[in-house]
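Notes follow once the structure below has been shown.
Every read-out reported here was derived from the displayed coordinates using simple, explicitly stated rules and does not represent laboratory data. These figures come from a predicted structure and were not determined experimentally. Please note: Cβ atoms are built from the backbone with ideal geometry, for glycine as well, and neighbour counts cover all protein chains shown.
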Amino acid sequence: MTLAQPFQRARKPEEITLRREQLLAAAAELFDAEGPQGAGLNAIAARAGFTKSNVYRYFESREQVLLELFRVEFAALVYDMVAGLAETQTSDVAAIAETITATFLGRPRCCALIAIMSSTLEQNVSEATIVGVKTFVSEQSARLVDALTARLPSAAPADCAWVISMAGTLIAGMWPSTNPPPSARAVLARAEFAHLRIDPARNLARTVKALLTSIV
């Protein structure tokens, strides 16, 4: 664990950006290792070499820290998906579904954050913070809709937006079941419970393909 260093308040914009990046890096490490329960404000501050009181200079709560982490992760996911869709053939529904699936599953941190958006991340933050995140998601999602519409010229943009929205909803619902806590994972590994195990690559791809097929 990093010991807190004598704190010097950031005053210049680049110093503030650096401090926020340090906190986000610490939050990412803790979130990956221990989930949201391990990414408390005290732990984030200690990992980044801050005190908890100093964190409040940059974020209003640990939920806002994780929301900012989500913004970074979601922007990266959108970048990857737009690039991936551009490489698929026009109207190749199967390839498009595989690309959408592979992009989501290639960003497990983003998927885990999506899964706790309503239950955890939107708690203990201001309306202004939530408005900012919703606006950001809408802007980023519009890029995905444009990219998907370009690959499916026979589909209406509104229908492409619906597919993107439903894919995110599927991730939110599926992720906790595909990443259970250790005891539940051990139980699901038993042969008699094989029918309860979810294969995210297979199931998400099949579902997204069905959604895409319904709009073309």
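Worth a mention:
- GNM result for the chain, Cα springs below 10 Å: residue of I130, I44, I16 fluctuating most strongly: I16
- Here the residues T207, T129, T135, ranked from fewest to most Cβ neighbours within 10 Å of their Cβ, fall in the order T135, T207, T129.
- Reported label for calculated semi-axes √(5λ) of the Cα gyration tensor in Å given [x] 38, 20, 13; [y] 27, 25, 14; [z] 34, 23, 13: [z]
- The alpha carbon centroids of segment 138-158 and segment 163-185 are separated by 24 Å.
- Electrostatic dipole magnitude of the chain [Cβ: Lys, Arg +1; Asp, Glu -1; Cα centre; debye, to 20]: 440 debye
- At least 15 Å along the helix axis (C-alpha) and Kyte average at least -0.5, DSSP helices within the chain: 13-34, 62-86, 93-105, 127-151, 157-178, 200-215
- For V137, V163, order by how many other beta-carbon atoms lie within 10 Å, fewest first: V137, V163
- Listed residues Q123, S214, V163: farthest to the positive end of the dipole of the chain (Cβ charges): Q123
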